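The values are calculated or read from the model by the stated rules, or taken from the named source; none is laboratory data. Note that this is a predicted model, so its numbers are computed, not measured. FYI the Cβ positions are ideal-geometry reconstructions off the backbone, even for glycines, and counts take in every protein chain you see.
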Amino acid sequence: MTDNRPEHPDSGSLPDKLSSPRPSDQASGPGNTRESGVSSGSHTNSSSGTDLYTAGHGDGQRHGDQPAQAAAHAPPAPLSERDAKIAERKVASLFLLAVIGVISFIVTFFAQEQEFGQPGNVYFTPLLGVFMAMALGGVGAGAVLWAKLLMVDEEAVQERHPFGSKPDERAATAKALKQGLADTGLPRRKLLRNTLLLGAGSLALLPLPFVGFLGRFQHKERVLGTTSWVEGVRLIRQNGTPVKLGDLQIGGVESVFPDVFHGTIAADSPALLIRMRPEELRLEGEQQDWAYQGHVVYSSICTHLGCPVKLYEQQTHYLLCPCHQSIFDASTGAEVIFGPAARALPQLAISVDDEGYFIAEGDFAEPIGPSYWERGT
Ligand code: FES
């Protein structure tokens, strides 16, 4: 099949283009810029669509023959040997920063004991983020700086051409790649090469903590079955003040949390303290002992899908979950009277300490939140 496309004035085989002299070799301009395609001063801009063959265009007609509009590329002046050394050290420092980031990440991860459901170091996660940013940013910034300061400033435009390279083109490409490697300076800049290998290689260690993390909480059957509520801990409000007997009017309701480290932000511990007339409470069995003078506390995490149950209707004692409209009756142990929830909100046993503040008698008697397989409730 014959290619009838007209000869492009700038066209030519890839080897020809690859072997075209560098501008630095030409008398036309200074710097170390190289053009491996067509010369920047006269060729049309491929990205503007003025110099491309249309794919599938049978007659090979080209679109447009506007004059060249490509902006002239002004290469920076080549660095002196001394400046190149300084630049090399800067890049090496960034690669070493990446190494420090990786090591710090791993040390931080393993040095901090983390027990699921227990208070932890608030700086743990931010530190991991900072060190990971150092690791990734160090390699990334080093690579950018290296390319900007030490590599050959090259502007190349490659035209579209038929798929499939000829042997001589492949050979020319290999030659160009070798030349590119030489242009990076890696073969002769040992410090740069070694620190790059060290920095990039150390990134491979980053996933190690996550691998170690797998299975860390295996066989901790009660992890999802316990909360931060423990015996004797006071009931506090969101602002940290403890709730005293008498603080709530009849018909009142208060969001309460355990007075422990991170108690107000522990996802499994929010609860509702509700006061009603003692005679309005219709609890059965041991649940009667879990209430205190008309006060009852229920987990405020819906047993359907875990939404916060915060809407309380004073007259009916109904607690409403806004997500799927499950309704729980607070006077009867928060049993479900409507909606998709399958079980009652767990009740917290409470009493009052010597100073008259509400305290928990222990954790919830059953796991809070949505029911799921393997849990049994
Ligand atoms: S999450 Fe409460 S009803 Fe669905």
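Check whether at least one residue in the stretch 247-269 is among the aromatic types (Phe, Trp, Tyr), at pLDDT 90 or above and not in a loop (DSSP other than H, G, I, E, B), and report yes or no.
Within the stretch 247-269, one or more residues are among the aromatic types (Phe, Trp, Tyr), at pLDDT 90 or above and not in a loop (DSSP other than H, G, I, E, B).
All told, PHE358 meets the bar of being modelled with pLDDT of 95 or more and not polar (S, T, N, Q). When GLU335, GLU366, GLU355 are checked against the criterion of being in the same structural domain as VAL230 (by TED's automatic domain parsing) and more than 16 Å from ILE236 (Cα to Cα), a single residue qualifies: GLU335.
Kindly establish whether LEU272 is loosely packed, with under 15 Cβ neighbours inside 10 Å and of a type in the set (A, V, I, L, M, F, W, C). Considered against the rule, which asks whether it is loosely packed, with under 15 Cβ neighbours inside 10 Å and of a type in the set (A, V, I, L, M, F, W, C), LEU272 comes out as no.
Taking PRO258, is it within 16 Å of the ligand (Cβ to nearest atom), buried (at least 22 other Cβ atoms within 10 Å of the Cβ) and within 20 Å of ALA365 (Cβ to Cβ)? Here the answer is no, as PRO258 does not meet what is asked. Out of all the residues in the stretch 263-273, is one or more of a type in the set (D, E, K, R) and away from the ligand (no atom under 16 Å from the Cβ)? Checking the stretch 263-273: not a single residue is of a type in the set (D, E, K, R) and away from the ligand (no atom under 16 Å from the Cβ).
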